[in-house]
Amino acid sequence: MSDRPGRAGTPRSRLGARLALAAACHLAVIGGPAGAAFAQGTAPPGKSPTTTLIQRGSALFDDQAYEESIQTLSAALVRPGATEVEKIEIYRLLAYNFIILKRADEADASVRGVLVLNEGFTLPPTESPRFRDFFAATRKKWLDEGKPGKSASAAPVVEKPIKMAHTSPAEVPAGVAIKLTGTLEDPDARVRAVQLSYRTGAKGKFVTVPGSYTLGELRATLPAAAVKPPLVEYYLSALDKSGLPLLSRGDAAMPLRIVVARENGALTSPFLWVPVGLAVIGGAAAGVFFLTKSRAQSMVTIGVHE
């Protein structure tokens, strides 16, 4: 279209915002690999989006930005289509972060994720003894427990898919807390917790706070102090008993966006209506590390399926 947007707050501007929102909803309906590729659009030629996230998470770990590294690697963990090699590397790097942060349960779960995929995996002798000792101790426990997460045929245990649905509000006033709700269908009762990660604007570290999850309903609140123009970004994660993500609505690399109106109620740009997180991302792993593939539905209500 050749027409330029009108001034903020004019009918033309509002029409442009509605059109942008409609386009975003259309992309959510399209879903699938093509829609995901459009939404991500950051992977260099010949490199998968998952590999790009893993490399970013590794760089953040090297920079001692451990929480940001975990957020980035968790985003990679719930992406569809990851190879076994990529999944092993995600779990390895997550384990390193959790070991450094002394989060033993999550580190243990991450190492077990590696072993379920490759029970012969060992760290090289040149790796830090701190990491090698932890991996060796977890491996011994895993073997003593009968290799949980592995079936008799040494294939990953397949469990029933988890489904998450959540609708993002399109626009909110500044300085008002936002109550987020959604539903979770979890046939095998693997989800033990829900958490919300958010930030003001489109840059910086996400703040993570616990949500609540009761009988299939999830709830979380974006605090009023974080709701500032022009937007707030967030994502919701469902966690297993060890604190690892099973699936998410949005993630650190593709968060959901809510437009925050300025005091006069005008939007700075209609394109802010287009959410970054257009589809729930999922992946498949084993045992408590089971993840899901995704299929987008109408508007921003998402179903996650195998």
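L246 falls short on exactly one of the conditions (1) without any contact (Cβ under 8 Å) to a residue 24 or more places away in the chain; (2) in contact with a helix residue (DSSP H, G or I) (Cβ under 9 Å, 6 or more places away or on another chain); (3) closer than 20 Å to K163 by Cα, and that condition is (1). The requirement of being buried (at least 20 other Cβ atoms within 10 Å of the Cβ), in contact with a helix residue (DSSP H, G or I) (Cβ under 7 Å, 6 or more places away or on another chain) and either within 23 Å of T51 (Cβ to Cβ) or of a type outside the set (S, T, Y) (or both) is fulfilled somewhere in segment 137-156, by at least one residue.
For segment 197-227, filtering for residues that are in a strand (DSSP E or B) and within 17 Å of A177 (Cα to Cα) leaves 14. Checked against the criterion of being in contact with a helix residue (DSSP H, G or I) (Cβ under 6 Å, 6 or more places away or on another chain), within 24 Å of V260 (Cα to Cα) and surrounded by 12 or more Cβ atoms within 10 Å (Cβ to Cβ), segment 201-210 has at least one qualifying residue. Taken over segment 179-196, the criterion of being under 18 Å from P161 (Cα atoms), among the charged types (D, E, K, R) and either at pLDDT 95 or above or not in a loop (DSSP other than H, G, I, E, B) (or both) is satisfied by E185 alone.
Residue count for segment 75-117 under the criterion of being touching a Ser or Thr at 6+ places or on another chain (Cβ under 7 Å) and either buried (at least 23 other Cβ atoms within 10 Å of the Cβ) or within 19 Å of F135 (Cα to Cα) (or both): the result is 17. Screening segment 63-121 for residues that are of a type in the set (S, T, N, Q) and out of contact with any strand residue (DSSP E or B) (no Cβ under 6 Å at 6 or more places or on another chain) and picking the one that is nearest to A137 (Cα to Cα) gives S110.
So the check is Cβ under 7 Å with 6+ separation or different chains; which pairs have a first residue in segment 160-174 that's assigned to a loop (DSSP other than H, G, I, E, B) and a second one that's hydroxyl-bearing (S, T, Y)? From residues that are assigned to a loop (DSSP other than H, G, I, E, B), the pairs are P161/T292; I162/T292; T167/T301. Within segment 48-65, if we keep just the residues that are over 21 Å from Y234 (Cα atoms) and either assigned to a loop (DSSP other than H, G, I, E, B) or hydrophobic (A, V, I, L, M, F, W, C) (or both), the residue that is modelled with the lowest pLDDT turns out to be S48.
May I ask you to verify whether L184 is farther than 25 Å from A65 by Cβ, in contact with a helix residue (DSSP H, G or I) (Cβ under 8 Å, 6 or more places away or on another chain), among the aliphatic types (A, V, I, L, M) and surrounded by 13 or more Cβ atoms within 10 Å (Cβ to Cβ)? Walk me through it before giving the result.
Values: farther than 25 Å from A65 by Cβ: yes; in contact with a helix residue (DSSP H, G or I) (Cβ under 8 Å, 6 or more places away or on another chain): no; among the aliphatic types (A, V, I, L, M): yes; surrounded by 13 or more Cβ atoms within 10 Å (Cβ to Cβ): yes.
No; evaluated as a whole, the condition is false for this residue.
So, Y213, is that one modelled with pLDDT under 90 and surrounded by 13 or more Cβ atoms within 10 Å (Cβ to Cβ) or not? So Y213 fits the description; yes.
Taking the criterion of being under 11 Å from G243 (Cβ atoms) and within 19 Å of the chain's Cα centre (by Cα), the residues of segment 78-116 that qualify are L94, F98, E106, A107, A109, S110.
The values are calculated or read from the model by the stated rules, or taken from the named source; none is laboratory data. In this text, all values refer to a predicted model and were calculated from it rather than measured experimentally. Glycine gets a Cβ as well: all are built from the backbone with ideal geometry, and neighbour counts include every protein chain shown.
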